[in-house]
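A short worksheet on the structure shown next.
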2 protein chains.
Amino acid sequence: MPTLRIALAQDNPVVGDLDHNADLIRRAASAAAAAGAHLLATGEQALTGYPVEDLALRHSFVEASRERLVRLAAELAEDGNGALPVAVGYLDADGAPPATGDSPASRGLRNALALIQDGKVLFRYYKRHLPNYGVFDEDRYYTAGHELHLARIGGVDVAFTICEDIWQEGEPFAVAAEAGAGLVVNVNASPYEQGKQERRTAIVKERAAQVGAPVAYLNIVGGQDELVFDGGSMIAAPDGRMLASARRFGPELLIADLDLEAARGGDVANHSSRSMSTALHRLSDAPAPLETRIEPSHAPDLDRLEEIWEALRLGLGDYVRKNGFASVIFGLSGGIDSALTAVLARDAIGADNVHVVAMPSRYSSSHSLDDAADLAERCGLHYSVEAIQPIVDSFVSEIAISGLAVENLQARVRGTLLMALSNQHGHLVLAPGNKSEYAVGYSTIYGDAVGGFAPIKDVLKTLVYELATWRNAKARSLGETEPIPENTILKPPSAELRPDQKDSDSLPDYEILDGILTGYVDGDAGREDLVAQGYPADVVDRVAGLVDRAEYKRRQSAPGTKITVKSFGRDRRLPITNRFRGK
Amino acid sequence: MPTLRIALAQDNPVVGDLDHNADLIRRAASAAAAAGAHLLATGEQALTGYPVEDLALRHSFVEASRERLVRLAAELAEDGNGALPVAVGYLDADGAPPATGDSPASRGLRNALALIQDGKVLFRYYKRHLPNYGVFDEDRYYTAGHELHLARIGGVDVAFTICEDIWQEGEPFAVAAEAGAGLVVNVNASPYEQGKQERRTAIVKERAAQVGAPVAYLNIVGGQDELVFDGGSMIAAPDGRMLASARRFGPELLIADLDLEAARGGDVANHSSRSMSTALHRLSDAPAPLETRIEPSHAPDLDRLEEIWEALRLGLGDYVRKNGFASVIFGLSGGIDSALTAVLARDAIGADNVHVVAMPSRYSSSHSLDDAADLAERCGLHYSVEAIQPIVDSFVSEIAISGLAVENLQARVRGTLLMALSNQHGHLVLAPGNKSEYAVGYSTIYGDAVGGFAPIKDVLKTLVYELATWRNAKARSLGETEPIPENTILKPPSAELRPDQKDSDSLPDYEILDGILTGYVDGDAGREDLVAQGYPADVVDRVAGLVDRAEYKRRQSAPGTKITVKSFGRDRRLPITNRFRGK
């Protein structure tokens, strides 16, 4: 039984930065070659970043990707790593160049993987299954491939597949099984959702059993706008054993020695009942040399709240860094949302890069300012206080307004102050709103919703409390100061925009609100389903009405890391102009 | 040769308002029956509105659509119009109800058309071709149909198709031809783009020639978020003659008497080489009675600027009305953009519903205030003046800012004032920015970009001038006062946020800027293409850099009617986090 040393580069590419991404691949190849690996795989579209969205429709970008791949092949050889076969994910096209008015389909765009060796591209595999649901729009761009490629490496036939390919029972895994693959590599750009790693693990084991050979599942890592790629690469055996696994939410070069079935000999057969043909590329027939064996590494599982925290931290940090910012600024109210945002920001980019501003009005309670100052000190943040009342008064003396208009005005004066400080000092403004309040429109557009990124936009209020409690407990367990003041967690939430205001004046208890939102926003539950679950009909109607009316506001709010529990995890694309109220 | 009297209901449905849309269909049926029509067709998804986006994924909405269709059939019979065959566009599903985690495909969602007669649904046709480019995402929702239905009405076999079906040369039109259709009805929800009506006319004539029978092309009308459906329904003969046509941008019941080939007799044949089968439904074999003939109506062509104006007017008016607003408010600077917005708003919803506010700062020139007041008086708008300097000063005395931060602050104070007035009085705020400035980021987010709808967001600055000149000329030709002061058109554009500021300090001449934007934003032109077109390389680089950096700001701006020249007309979906600069 031949043994192959496989290396999986769980890296953090940047969309559009071909040179940076190529450098990551070169570094991984040097490390893999130094470790004596026989094959290196990189993530789905690791050369271009994922998803490139409509950049795929720009001819110059497609050409840049194709050319960079060829140059990378030469560079790997120049680096002295030419002998190592490297599978590189990238963007390709094999149709005619676009003419004006052409449909994208005519360009033959491909979500592709190339195997590189000795400065040359040996073959190009095109993704067989194109996901077009949830956050995925691949039918909009790509043409599916119908040829499975196997590389005979050290006497083992290795098949290559991309992401969605593994979620299908038929082609290409069934074809890999028929072709006698000794290993199937599946490269991914799979975004984080709650509970997804368990589903991935189950499907990787299922496919390994189906093929009768190990499956090496590689995922990228890093934040990209609203998505977070969470790593967690793994190799599973056909009997369900986990042979190796990489950590979540960080880069790693996962290396494992795998005992694999030798190739059958002869060429692989093509089955007429399949839409996919197969092609075999003989790189080396003899078993690869291996002096000593490497002990495979296994990453620990994360508990639910740590997993969510890490997703939020990585999403925020990468949004800041990849967009060229060094620091952030936002309002610190003394409440739980901005407190959690502050600790996340500190964990993501460091206390010295976090600027917080307390902006009390006449309705702010004294404990608010105390709690804000307390948190800033515990976390070591840059803290300042700006009074907004004189500015609010100058507005009110110019125009006759009252009630809600004045409440919102206070939030907008704060947003304008933060944007002025952002313009002056170059900080990125963060919007500290949570998912519960954005969902029902309980926030002020152009006010507290101001910001380039909303770190906890996808976190329901009840989860905000869970995370705050968890983060404090983690600090205690490490012997550190609890970052969030106890009073911030215990006091009843309030927007403090009018005297003695409480969230509970306007909204149901958050336990009930979040339960309804989980069914109505994340799920497909209609009014009757929610009433059947035990929620009072009048509360369901009120919340559904608020959600329906808040759609415009949600569209205008900043991006934030998705951590939804929904399988097809992203905000629904709903018409703004829409009168359907019977849902 | 039998003659059929065909009625096409070019109506303005509201997304999600099933009862309203059903009422439109009932009224059209009453009018068509009273006129002695033998067949009435309604638009694509006329019962649900189009596009319903992710409402299609909500099970309760799908059920509501299916049930409303059945009820509509009963209502048409109760109205005494049961004998009239009515083709109704709606949303259907014939898959299993969704389970948690199901892919949308398993639900078997259908973009459907039902033929109703005598209180019953005679058949359901499912759209064969699902567009998935530009503004269309139909692969995300729908499953394609593979059965063509023909109804024998008055001895003529009439085939039914939906929208994208007509843009394909093969099925279903080739099948209709083989089946001997005497008329093909094609119902649409086709959004306006510049030059599209000419392309539609050409394809309708091409298909009529292919089938050897007239093609009745029906489009809906009305604004829906960023889309405007522009009507322009038509019936073309196989020899290329236009038999009848409806107006653009308004509802119409188009009725025409068509001399059609009698059905071949016998059943229609199914061709094994096709993926589509055919089904024939015999409603009436004998030629339909017709006492006198109706003179068909022909709508005049619109010139380019009138067409654009009407698209903007309808898009703005429907956005306001369909979202439940009665009035609008925005800042009037004395410049060309807010002047054009004011005239559009007046034309769309009436002068008495338009509130404009002049908000001079210390950098506003005296002519700006004069020009604003002049325009408000010419148009009969509600006009007020609010000084912003004291408010700006109150900010500057609180925080130390300078330069660009102060420039933006002025715009944000104006935005906050408008939002306060909106909250107080219930007006929808309009953002008067044009496409050139949004594209390069020459606007202030949370400042002049504040608003629920941006009426000229998709109008390049050079086109703003053309439209202003055209609208004044139209007023002259009608003997009315020119709405826009000459000085507003003639003076050099300025943001007036610092002393003697001019747009030309920061941007290339608008002729050059707009030329580059047309290639780079609407088109697929890269740097080299634009330089080859004669634009200076340094200007191309500068503009491309500005566009790339403005992506986030564009995403945060309000919707506005699309009037792009691009075939696949909508903003590109680009990653915010994206480092590709070589385009």
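The values are calculated or read from the model by the stated rules, or taken from the named source; none is laboratory data. No experiment lies behind these values; they were computed from the predicted model shown. Cβ coordinates were reconstructed from backbone atoms using ideal geometry, including for glycine residues, and neighbour counts include every protein chain displayed.
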**Request:** Read through the list (1) acidic (Asp, Glu); (2) within 14 Å of chain A (Cβ to nearest Cβ); (3) surrounded by fewer than 23 Cβ atoms within 10 Å (Cβ to Cβ), then give the number of the only condition that B:Asp239 fails.
**Result:** (2)
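Filter segment B:377-395 for residues that are part of a helix (DSSP H, G or I) and either among the polar types (S, T, N, Q) or surrounded by 15 or more Cβ atoms within 10 Å (Cβ to Cβ) (or both) and give the result.
Correct list: B:Arg378, B:Cys379, B:Gln389, B:Ile391, B:Val392, B:Ser394, B:Phe395.
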**Prompt:** Which one is surrounded by the most Cβ atoms within 10 Å (Cβ to Cβ), of the residues in segment A:345-371 that are among the aliphatic types (A, V, I, L, M) and farther than 21 Å from B:Phe395 by Cβ?
**Reply:** A:Ala345
**Prompt:** Quick one: how many residues across segment B:317-340 are hydroxyl-bearing (Ser, Thr, Tyr) and either within 27 Å of A:Leu574 (Cα to Cα) or in contact with a Cys (Cβ under 7 Å, 6 or more places away or on another chain) (or both)?
**Reply:** 2
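Please verify whether segment B:151-167 includes one or more residues that are within 14 Å of another protein chain (Cβ to nearest Cβ) and outside any strand (DSSP E or B). Even if it seems obvious, please write down each step before you answer.
The first filter runs over segment B:151-167 and keeps only residues within 14 Å of another protein chain (Cβ to nearest Cβ), leaving B:164, B:167.
So of that shortlist, the ones also outside any strand (DSSP E or B) come out as B:164, B:167.
Scanning segment B:151-167 turns up at least one residue that is within 14 Å of another protein chain (Cβ to nearest Cβ) and outside any strand (DSSP E or B).
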**Test for B:Ile329: is it among the β-branched types (Val, Ile, Thr), in the same structural domain as B:Val429 (by TED's automatic domain parsing) and either assigned to a strand (DSSP E or B) or over 23 Å from B:Ala41 (Cα atoms) (or both)** = yes
**Fill in**
Selection from segment B:112-143 of residues over 30 Å from A:Ala56 (Cβ atoms) and in a strand (DSSP E or B) yields B:Ala112, B:Leu113, B:Ala114, B:Leu115, B:Ile116, B:Gln117, B:Lys120, B:Val121, B:Leu122, B:Phe123, B:Arg124, B:Tyr125
**Request:** Hey, could you check segment A:129-150 for residues that are buried (at least 24 other Cβ atoms within 10 Å of the Cβ) and under 29 Å from A:Thr561 (Cα atoms) and say which is nearest to the other protein chains (Cβ to nearest Cβ)?
**Result:** A:Tyr141
**Message:** As an exercise: evaluate A:Gly324 against (1) in a loop (DSSP other than H, G, I, E, B); (2) farther than 24 Å from B:Ser402 by Cβ; (3) within 11 Å of chain B (Cβ to nearest Cβ); (4) not polar (S, T, N, Q) and give the number of the one condition it does not meet.
**Reply:** (2)
**Message:** I need every pair where a residue in segment B:419-448 that is within 12 Å of another protein chain (Cβ to nearest Cβ) and at positive phi has its Cβ under 7 Å from the Cβ of a residue that is part of a loop (DSSP other than H, G, I, E, B) and surrounded by 24 or more Cβ atoms within 10 Å (Cβ to Cβ), sequence separation at least 6 or different chains.
**Reply:** B:Tyr446/A:Tyr446; B:Tyr446/A:Val450
**Message:** Could you check segment B:517-542 and list, in sequence order, the residues that are closer than 18 Å to B:Lys461 by Cβ and either in contact with a strand residue (DSSP E or B) (Cβ under 9 Å, 6 or more places away or on another chain) or in contact (Cβ under 8 Å) with a residue 40 or more places away in the chain (or both)?
**Reply:** B:Leu517, B:Thr518, B:Tyr520, B:Val521, B:Asp522, B:Gly523
**Request:** Name the residue, out of B:Ala31, B:Ala37, B:Ala77, that is more than 29 Å from A:Asp522 (Cα to Cα), surrounded by fewer than 18 Cβ atoms within 10 Å (Cβ to Cβ) and touching a residue at least 60 places away in the same chain (Cβ under 8 Å).
**Result:** B:Ala31
**Message:** Can you tell me which of (1) within 14 Å of chain A (Cβ to nearest Cβ); (2) under 30 Å from the mean Cα position of the chain (by Cα); (3) within 30 Å of B:Gln501 (Cα to Cα) is the one B:Ala339 doesn't meet?
**Reply:** (1)
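Return the residue satisfying two criteria in turn: it lies in segment B:306-321 and is in contact with a helix residue (DSSP H, G or I) (Cβ under 7 Å, 6 or more places away or on another chain) and more than 14 Å from chain A (Cβ to nearest Cβ), and of such residues it is surrounded by the most Cβ atoms within 10 Å (Cβ to Cβ). Before the answer, list the steps.
Taking segment B:306-321 and keeping what is in contact with a helix residue (DSSP H, G or I) (Cβ under 7 Å, 6 or more places away or on another chain), we get B:308-309, B:312-313, B:316-317, B:320.
Pick out the ones that are also more than 14 Å from chain A (Cβ to nearest Cβ) and you get B:308-309, B:312-313.
On the way: B:Ile308: 21, B:Trp309: 22, B:Leu312: 27, B:Arg313: 22.
The qualifying residue surrounded by the most Cβ atoms within 10 Å (Cβ to Cβ) is B:Leu312.
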**Filtered residues of segment A:464-490 (kept if surrounded by fewer than 17 Cβ atoms within 10 Å (Cβ to Cβ), of a type in the set (S, T, N, Q), part of a helix (DSSP H, G or I) and over 26 Å from the mean Cα position of the chain (by Cα))** = A:Ser477, A:Asn487
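Residues are listed down the side, and each one gets a yes or a no for (1) under 16 Å from A:Gln10 (Cβ atoms); (2) at pLDDT 95 or above:
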{"position": "A:Ala208", "(1), (2)": "no, yes"}
{"position": "A:Gly222", "(1), (2)": "yes, yes"}
{"position": "A:Asp230", "(1), (2)": "yes, yes"}
{"position": "A:Gly265", "(1), (2)": "no, no"}
{"position": "A:Val268", "(1), (2)": "no, no"}
{"position": "A:Arg274", "(1), (2)": "no, no"}
**Request:** Give me the pairs, please: first residue somewhere in segment B:317-330 and under 21 Å from B:Tyr383 (Cβ atoms), second residue anywhere and among the aromatic types (Phe, Trp, Tyr), beta-carbon distance under 8 Å, and either six or more positions apart or on two chains.
**Result:** B:Val320/B:Phe453
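Among what's in segment A:49-80 and is part of a loop (DSSP other than H, G, I, E, B) and farther than 23 Å from A:Ala159 by Cβ, pick the residue that is farthest from the other protein chains (Cβ to nearest Cβ).
Filtering segment A:49-80 for residues that are part of a loop (DSSP other than H, G, I, E, B) and farther than 23 Å from A:Ala159 by Cβ, the one farthest from the other protein chains (Cβ to nearest Cβ) comes out as A:Gly80.
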**Request:** May I ask you to list the residues in segment B:113-152 that are of a type in the set (A, V, I, L, M) and free of Cβ contacts under 8 Å to residues at least 60 places away in the same chain?
**Result:** B:Ala114, B:Ile116, B:Val121, B:Leu130, B:Ala144
**Message:** Please go through segment B:25-54 and give me each residue that is more than 19 Å from the chain's Cα centre (by Cα), of a type in the set (A, V, I, L, M, F, W, C) and closer than 21 Å to B:Leu91 by Cβ, ordered by number.
**Reply:** B:Ile25, B:Ala28, B:Ala29, B:Leu40, B:Ala41
**Message:** Restricting to segment A:402-432, name every residue that is assigned to a loop (DSSP other than H, G, I, E, B) and surrounded by 19 or more Cβ atoms within 10 Å (Cβ to Cβ).
**Reply:** A:His427, A:Ala431, A:Pro432
